[in-house]
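Colleague: My questions all concern the structure below.
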Amino acid sequence: MENLLLNIDAGTIDWSRAQFALTAIYHWLFVPLTLGLAVIMGIAETIYYRTKDEFWKHTAQFWQKLFGINFAMGVATGIILEFEFGTNWSNYSWFVGDIFGAPLAIEGIVAFFMESTFVAVMFFGWKKVSAGFHLASTWLTGLGATISAWWILVANAWMQYPVGCEFNPDTMRNEMVSFFEVALSPFAVSKFCHTVTSAWIIGGIFCVGVCCWYLMKKRHVKMAVESMKIGAAVGLVAALLAGATGHKSGMDVAKVQPMKLAAMEALYDGGTEQGLKLIEGIEIPYGLSLMATNDPKGFVPGINDILNGYTTPDGRVEPSADEKIERGKKAISALAAYRNAKASGEDGTTHLATLQENMKYFGYGYLHNKEELIPPVLVNFWAFRVMVGVGCLFILFFAVVLATLYHWPKWLFAKRDITKLPAWHYWGAIMLVPLGYIGSECGWLVAEFGRQPWTIQDMLPTWAAVSDLHSSSVIITFFLFLILFTTMLAVEISILFKQIKKGPNV
């Protein structure tokens, strides 16, 4: 990062981005199911603890077995993801490692060790510890995985909304000045709540899908029905919570990443009383203003407004992208001049004042033109709609499953027996499992594609964050990881299918 005018091969940048996206996408296939199944197996074992019914012990052990298979794969891909910050993104790690490294270190030292310790007790402690201690270990395993997600999302949220830090021109690094501002950032809290509740949806739909397979095969019917009650209840509560937390996340994005929101809506010319597009040409009146500002008449800037500058109804003036780029270049030049002055034994105070005056737009100095600020609009627009559409579908689905299970309302569901439905009902529920993953991955696409071109919002674009490697090195490892992760996914699916086919020891 000593070289302020970075000259890194474009191929290295693209392949580094592709490799990180590949790793993150595969990692995110495993994490939501781990978080979701943690709740399912915890509830099942809690019922066993209260009733002492061996049926519930075997049910809990079955879901714990599926949890364990998925947990191991998630750990393997997660470790590789963290290593890539050092290998492929060394400029980024140098620039903000003092801040970004803290939550990752806490995640490894506290959360990961916590879940790793208690997961061993959960699997091997059934006849070695008391029922109460074992139940606590099961919940603490899930809690450890959730705390692990917390610190990972704190790190990610800081990249989207950098707070609690100051730039030190002498070390060329951003340094943390408030741990609590970083750890308890409102953006991080919203992101965590929305992400974890969406993960519980995956746990719920996976549980219901597996149970439907047993009902279709007329095997383990009691376990399937009882587990489906847990899975559908968890899924419905989670889907409703994901909707509420999603609204809060939308408001946060509108405040700190207006370009991302504009891309999600393909909104080029904003204003007040903006409608929310269902698809192009059909919209909910006032919907976008309400989602972004909690006010149906609220102001939402569009892509052109953000590029050309705008004034909000309350009089706040947002500079144009060209002005930000010019001030960013001033900051970079002032930093270079300051470091040269210090190296020559001079004061450098004037250059430092210019740097501090324009530091807010430091990252814009690396941009070549304002069009680079526009994220992929088509991807964001449709990924957002798929995510929200799948979430709404699941609210309806889980509600219908629970209504069928409990025969309520009676006038509609009294004669419905969930164990005697036509096969296509079960197949339909099973097919919703991959749809849940598609919705979940679309959420990740919105979060990460929407903040492009930034690695750190307004501070560091992606092309200034990568390591100065030859692109061939990144290409080789990209395909090695592609083969490795695909193999791991195939192995996981194969083992899961075998265990599901084998069934619980009821």
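Colleague: Given the criteria outside any loop (DSSP other than H, G, I, E, B), at pLDDT below 95 and crowded, with 17+ Cβ neighbours inside 10 Å, does G391 qualify?
Modeller: Here the answer is no, as G391 does not meet what is asked.
Colleague: Report the residue count in the stretch 334-351 for those that are within 15 Å of T171 (Cβ to Cβ) and not in a helix (DSSP H, G or I).
Modeller: 1
Colleague: For residues that are crowded, with 17+ Cβ neighbours inside 10 Å and under 23 Å from A490 (Cα atoms), tally how many sit in the stretch 41-74.
Modeller: Result for the stretch 41-74: 12.
Colleague: Also, I was wondering about something else. When you check A120 against the structure, is it open to solvent by 30 Å² or more (accessible area, probe 1.4 Å), free of Cβ contacts under 8 Å to residues at least 60 places away in the same chain and out of contact with any Gly (no Cβ under 6 Å at 6 or more places or on another chain), yes or no?
Modeller: So A120 passes the test.
Colleague: Could you check the stretch 405-437 and list, in sequence order, the residues that are hydrophobic (A, V, I, L, M, F, W, C), assigned to a loop (DSSP other than H, G, I, E, B) and open to solvent by 40 Å² or more (accessible area, probe 1.4 Å)?
Modeller: Result: W408, A414.
Colleague: Could we say that E441 is more than 20 Å from the chain's Cα centre (by Cα) and either under 30 Å from M359 (Cα atoms) or not basic (K, R) (or both) here?
Modeller: Judged against the criteria, E441 is not a match.
Colleague: Does the stretch 453-483 hold any residues that are within 28 Å of M159 (Cα to Cα) and free of Cβ contacts under 8 Å to residues at least 12 places away in the same chain, and which are they?
Modeller: Selection gives S472, S473, I476, F479, L480.
Colleague: Kindly check whether there is at least one residue in the stretch 242-250 that is open to solvent by less than 20 Å² (accessible area, probe 1.4 Å), under 20 Å from P313 (Cβ atoms) and in contact (Cβ under 8 Å) with a residue 40 or more places away in the chain.
Modeller: There is at least one residue in the stretch 242-250 that is open to solvent by less than 20 Å² (accessible area, probe 1.4 Å), under 20 Å from P313 (Cβ atoms) and in contact (Cβ under 8 Å) with a residue 40 or more places away in the chain.
Colleague: Which of the residues that make up the stretch 134-149 are closer than 19 Å to W28 by Cα and hydroxyl-bearing (S, T, Y)?
Modeller: Listed by number, the residues that qualify are T141, T146, S148.
Colleague: Moving to a separate point now. Given (1) closer than 21 Å to A44 by Cβ; (2) open to solvent by 20 Å² or more (accessible area, probe 1.4 Å), where does T141 come up short, assuming only one miss?
Modeller: Result: T141 passes all but (2).
Colleague: Only residues that are touching a strand residue (DSSP E or B) at 6+ places or on another chain (Cβ under 8 Å), open to solvent by 10 Å² or more (accessible area, probe 1.4 Å) and among the polar types (S, T, N, Q): list them for the stretch 146-177, please.
Modeller: Correct list: N168 only.
Colleague: Further, regarding this structure: Take residues that are farther than 30 Å from L396 by Cα and tell me which of the helices (runs of 4 or more DSSP H) falling wholly in the stretch 242-310 contain 2 or more.
Modeller: 258-265, 303-308
Colleague: Restricted to the stretch 280-307, and to residues that are in contact (Cβ under 8 Å) with a residue 24 or more places away in the chain and either of a type in the set (V, I, T) or farther than 20 Å from V256 by Cα (or both), which residue is most open to solvent (accessible area, probe 1.4 Å)?
Modeller: T293
Colleague: Being open to solvent by 40 Å² or more (accessible area, probe 1.4 Å), β-branched (V, I, T) and closer than 24 Å to L153 by Cβ is the filter here, so list the residues in the stretch 190-238 that pass it.
Modeller: Within the stretch 190-238, just V237 meets the criteria.
Colleague: What about E84, is it crowded, with 17+ Cβ neighbours inside 10 Å, acidic (D, E) and touching a helix residue (DSSP H, G or I) at 6+ places or on another chain (Cβ under 9 Å)? Spell out the reasoning first.
Modeller: Details: crowded, with 17+ Cβ neighbours inside 10 Å: yes; acidic (D, E): yes; touching a helix residue (DSSP H, G or I) at 6+ places or on another chain (Cβ under 9 Å): yes.
Yes, satisfied.
Colleague: Another question about this same structure. Go through (1) more than 21 Å from V433 (Cα to Cα); (2) touching a residue at least 60 places away in the same chain (Cβ under 8 Å); (3) surrounded by fewer than 21 Cβ atoms within 10 Å (Cβ to Cβ) and name the single condition T12 misses.
Modeller: With (1) more than 21 Å from V433 (Cα to Cα); (2) touching a residue at least 60 places away in the same chain (Cβ under 8 Å); (3) surrounded by fewer than 21 Cβ atoms within 10 Å (Cβ to Cβ) applied to T12, the lone miss is (3).
The values are calculated or read from the model by the stated rules, or taken from the named source; none is laboratory data. Just so you know, these numbers come straight off a predicted model, no measurement behind them. Heads up, the Cβs are rebuilt from the backbone with ideal geometry, glycines too, and the neighbour counts pull from every protein chain shown. For accessibility, only protein heavy atoms count, side chains too; no ligands or nucleic acids. Shrake-Rupley method; radii C 1.70, N 1.55, O 1.52, S 1.80 Å.
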